[in-house]
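Trainee: One structure coming up, written as structure tokens, with questions to follow.
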Amino acid sequence: MKRFPLFVATGLLVACSGITDTACACSPFEGPLVLITGTVRSPALAPVPGAAVQVRLMNPVTCEAVEPTIVRVVQTDAAGRFRHGENASNRGMCYRVWAEPPQGSALARSDSQFVRVQFTETHATPDSVDLAFQLR
């Protein structure tokens, strides 16, 4: 019987908002995937459809703003859920994430959360980090 070696790549996903998860998977092609998901809710905790979740790329080492500013926008669905995924360009990434209310809403934007992703192995694919935002 042939035996095949099993290679498991591990990644460490650290969200500066207090979420720390260790995840592992195999991804021998393309770069590591950063996956940020979550929910946007109103002050009454109702889901907010159509909110604009802003995902701003920060300096991967210091988590400070970089120029040029790169911001990606993801809209929430009818249940207030969002999903953002992208291939990481290096072994560490940092994002500032916040939610803006839908246009015409009387609500105000949420507080920001920082998400730091550090890969301990090449081609590591961490599980997603799930964030919760509450508009004011």
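Trainee: Within the stretch 33-120, which trypsin sites (Lys or Arg not before Pro) sit in a loop by DSSP and count at most 15 neighbouring Cβ atoms inside 10 Å?
Mentor: Details: sites: 41, 56, 72, 81, 83, 91, 96, 109, 116; in loops: 91, 109.
The qualifying sites are 109.
Trainee: Here is a further query. What value does the stretch 36-131 have for Rg/Rh, both radii from Cα atoms and Rh as Kirkwood defines it? Could the numbers behind the result be given before it?
Mentor: Numbers: Rg = 14.2 Å, Rh = 14.2 Å.
The Rg/Rh ratio comes out at 1.00.
Read-outs: derived from the displayed coordinates by stated rules, not from any lab. Source: prediction; values computed, not measured. A quick note on method: Cβ atoms are made from the backbone with ideal geometry, for glycine too, and the neighbour counts reach across all protein chains shown.
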